[in-house]
1. Take residues that are farther than 30 Å from Tyr365 by Cα and in the same structural domain as Cys185 (by TED's automatic domain parsing) and tell me which of the helices (runs of 4 or more DSSP H) falling wholly in region 1-112 contain 3 or more.
2. Given the criterion over 27 Å from Leu442 (Cα atoms) and within 16 Å of the ligand (Cβ to nearest atom), identify the matching residue among Leu157, Leu205, Leu161, Leu198.
3. Among the residues that make up region 107-117, is at least one of them acidic (Asp, Glu), buried (at least 24 other Cβ atoms within 10 Å of the Cβ) and in contact (Cβ under 8 Å) with a residue 40 or more places away in the chain?
4. So which of Ala184, Ala242, Ala149 is crowded, with 21+ Cβ neighbours inside 10 Å, closer than 21 Å to Ile28 by Cα and touching a strand residue (DSSP E or B) at 6+ places or on another chain (Cβ under 7 Å)?
5. Filter region 165-192 down to residues that are under 20 Å from Val285 (Cβ atoms) and hydrophobic (A, V, I, L, M, F, W, C) and give me whichever is nearest to the ligand (Cβ to nearest atom).
6. Can Thr307 be described as of a type in the set (S, T, N, Q) and surrounded by 22 or more Cβ atoms within 10 Å (Cβ to Cβ)?
7. Do the conditions hold for Asp304, that is, is it modelled with pLDDT of 95 or more and closer than 16 Å to Pro390 by Cα?
8. From the list Val135, Val144, Val140, which residue is in contact with a strand residue (DSSP E or B) (Cβ under 6 Å, 6 or more places away or on another chain), in contact (Cβ under 8 Å) with a residue 12 or more places away in the chain, away from the ligand (no atom under 15 Å from the Cβ) and under 18 Å from Glu460 (Cβ atoms)?
Amino acid sequence: MAIEYPNTNLYIDGKWRPAVTGDTLDVINPATEEVIGQVARAQHADLDEALEAADKAFASWKKTTPLDRYRILRKAADLLRERASMIAEVMTTEQGKPLAEAKGETLMGADRIDWMAEEGRRAYGRVIPARSDGVYQFTVKEPVGPVAAFTPWNFPLNQILQKVPAAIAAGCSIIVKGPEEAPACCAELVKVFEDAGLPAGVLNLVFGIPAEISDYLIPHPIIKKVTFTGSTAVGKQLAAKAGEHMKLVTMELGGHSPAIVFADADVDTALNILSANKFRNAGQVCVSPTRFLVHESLYNQFVDGFTKISQNQVVGNGLDTSTTMGPLAHDRRVDAIESFVLDAVDKGAKVKTGGQRKGNKGYFYEPTVLTDVPLNSRIMNEEPFGPIAPITPFSNFDDVVQEANRLPYGLAAYAYTTSAKTAGAIGSALSSGMVSINHHGLAMPETPFGGIGDSGFGKEGGMEGIESYLHTKFITQADV
Ligand code: NAD
């Protein structure tokens, strides 16, 4: 390991410090299973300080001009770019993804900060023509207040950067509970904001036992908005708690994305793009293609092609530059993936390739292709979040739409066709927050990201991303 892996403290009111109790949690390298460091475990006393800091900072941050916020954010984006190689190495060491993916995530993160810096300057209200002479009525946008954000380990930087720049650009303060599995790259990210001159208390970073922290922060009167990225099951619990206390929420939850390959598709394009996105981050991506639905006329060709690409993946330590797929991020994922495959095989699925843990050290799992997977198998119903591709044939448009829309999720969907008519028809037929046709075009800083149904609600990114941190206040004023 080229870098010395750092331990991670809490960042509260502009200071880095351990938890008041001194408690820590271990951080494990998923490629080696070694304990590589510790992260501070916050308790209520720490959270009280973070709440007080966020409250105090909000009072002054909301009064800074959008131009001043923009300048700090733009500086943070530049610092993030400068430090991208170092941060990527930290991320790979604690999360497992290949170095090139970690660096790409970091650089894309800098673009997200830039985008929201600019959106903050365009948080326009409007003038509404009145019914009477001498009456002036207009709307203004105001920041919603201190935010509690809960972000996961799969894209440790990206998931924070889908929230923090929007909140800060809008004039909110924010407490982030980052991922305990990958805390050090999150701390490096926060240092970027600190070094760019963000005032103390505007951004606070804590770690701990997730339920202990959300149970305390969500009901707290200082917190005005809750934003969570993670599983549907946890999202439902947190949204319910937020609802009890009438807090605003954004929920970016799980998905089970259909990837439809029509008879007239460019098969090589579909194979290359879908496989790259299947094995990216070892499949631990909420918009990963997870139900491959292929027209029967291309089915064998597609299965053979996907199997070959899967077998060509170089699975290994993400720090090794030849690696194309790293380990799963923690041991819970290995158990989950093993049980998905066992269940499918038990119900009659065939394993074309993979289907096993790889080696006996590190959380590696082989890229896996399954065929003949019954619809009642767990993998066709629950989000897989791993490197498994179940491939199913279909014969006509209506049937494939019915299968694509069968589940309560609705995050992302993909389709491949050379017919403009089919492309138009499938784009409107899919029940999904996002549809990407003939390429993979999701999660850009300038485009809205988010799902419907069990995949959550609210958008991050795009011009929509800042809206969820703003209230619309209506003011009407008459001449006296
Ligand atoms: P999990 O359900 O235990 O946790 C998912 C995330 O939620 C983690 O980051 C965790 O720290 C957090 N979390 C859990 N309980 C919480 C609570 N009470 N309060 C606040 N945060 C809480 O599962 P896991 O094994 O860590 O991850 C696997 C599942 O999580 C996957 O199947 C996938 O559906 C989902 N996931 C989704 C995304 C996403 O981008 N939407 C990211 C990571 C994980």
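The values are calculated or read from the model by the stated rules, or taken from the named source; none is laboratory data. No experiment lies behind these values; they were computed from the predicted model shown. When we count neighbours, we look across all protein chains shown, and the Cβ atoms used for this are built from the backbone with ideal geometry, even at glycine.
1. In region 1-112, 44-61, 66-82 are the helices (runs of 4 or more DSSP H) which contain 3 or more residues that are farther than 30 Å from Tyr365 by Cα and in the same structural domain as Cys185 (by TED's automatic domain parsing).
2. Numbers: Leu157 fails: over 27 Å from Leu442 (Cα atoms); Leu161 fails: over 27 Å from Leu442 (Cα atoms); Leu198 fails: within 16 Å of the ligand (Cβ to nearest atom).
None of the other options fit; the residue is Leu205.
3. Taking region 107-117 as the starting set, the residues that turn out to be acidic (Asp, Glu) are 111, 114.
Now drop any that are not buried (at least 24 other Cβ atoms within 10 Å of the Cβ), which leaves none.
No, there is no match, as no residue in region 107-117 is acidic (Asp, Glu), buried (at least 24 other Cβ atoms within 10 Å of the Cβ) and in contact (Cβ under 8 Å) with a residue 40 or more places away in the chain.
4. Values: Ala242 fails: closer than 21 Å to Ile28 by Cα; Ala149 fails: closer than 21 Å to Ile28 by Cα.
Ala184 is the lone residue from the list that is crowded, with 21+ Cβ neighbours inside 10 Å, closer than 21 Å to Ile28 by Cα and touching a strand residue (DSSP E or B) at 6+ places or on another chain (Cβ under 7 Å).
5. The residue in question is Ala182.
6. no
7. The answer is yes for Asp304.
8. Val144
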